[in-house]
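The structure under discussion appears below in the form of structure tokens.
Read-outs throughout are calculated quantities, based only on the coordinates presented, and are distinct from any laboratory measurement. None of these values were measured; they are calculated from a predicted model. Neighbour counts run over all protein chains shown; Cβ positions are idealised from the backbone, glycine included.
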Ligand SMILES: Nc1nc2c(ncn2[C@@H]2O[C@H](COP(=O)(O)OP(=O)(O)OP(=O)(O)O)[C@@H](O)[C@H]2O)c(=O)[nH]1
Ligand SMILES: [Mg+2]
């Protein structure tokens, strides 16, 4: 599969490895819709021996009962919280377990677009770092002082240089960890729909009329008038809009993986 692996990601991994000795705690932000797929697994060997918190963000887009089961599962090994950073009242609960009477440095780490910089800004109560509705916004590591006893290290989202597993690829696409516009998105959106047809067949029916996924996509695009010269369907616009609507709750809250499958 074609991956999206911009050069700043490799640089960020090197920076994290070299700065890890300065931090006493790690907040790992994952996407609540696919909390296993969005764990930064290739970096985890470097996090051993550190106090850790897993935070399942974007819970507003995931199915509540599934998220709660994920939290139960992760909690067996590690402190775990979930929520929707933008709406959370108790955001300090994420960092309070790391506090001590001396200064602490906390690494905020995770895949692209999961909400790391949003978390840093919310805790800082102002825009200390750029955020954006696509992956790859944060380009380099940045220390942000929260108060006289805590500094956070905001880091660029990290991802894999190679992905050969179609299901993982689809989940990362559906969480917008992969920048769809930077890859062959026709293939990616088909992988996404293929996964959804297995786990949420009722969602596929909502897309449009037809007895196959391809026909349903065509009917969806035609209905919206995504047509180019000669009355031909604008397939690029159709697929990108469909991807955007699915991943931004237009088809309801969707969890892409279940804790019982792991
Ligand atoms: N629905 C929803 N969107 C969120 C939430 N938290 C953050 N976002 C959005 O997710 C997008 C990515 O947020 P960022 O904070 O830039 O993500 P990041 O992890 O820093 O991304 P990179 O810098 O690319 O690694 C933005 O559009 C945020 O507004 C949440 O709890 N729910
Ligand atoms: Mg960021």
In nm, the gap between the two label points placed 7 Å beyond Cα toward Cβ at residue 51 and residue 2 is 4.5 nm
Restricting to DSSP H runs of at least four residues, report the calculated mean residue ellipticity at 222 nm for the chain, -39500 (n - 2.57) per run over all residues, nearest 500 deg cm²/dmol. -10500 deg cm²/dmol
Going by average Cβ density within 10 Å per residue, which order do the peptides 109-121, 203-215 take, highest to lowest? 109-121, 203-215
Crossing angle, helix 185-199 versus the chain [Cα axis fit, 0-90 degrees, rounded to tens]: 90 degrees
Note the angle between two axes, namely the Cα long axis of helix 235-247 and the longest principal axis of the Cα atoms of the chain, as a number of degrees from 0 to 90, rounded to the nearest 10. 50 degrees
Share antiparallel - DSSP beta bridges, segment 7-154, percent rounded to 5: 20 percent
Nitroxide proxy distance, nm - points 7 Å out along Cα→Cβ at residue 258 and residue 227: 4.2 nm
Additional length obtainable on full extension of the chain from residue 241 to residue 19, 0.36 nm per residue less Cα span: 75.9 nm
Of all DSSP beta bridges in the chain, what percent run antiparallel (nearest 5)? 25 percent
Ranked by how many other beta carbons lie within 10 Å on average, peptides 124-132, 187-195 from highest: 187-195, 124-132
Nearest-0.05 FRET efficiency for residue 130 and residue 41, computed from C-beta distance (R0 22 Å): 0.25
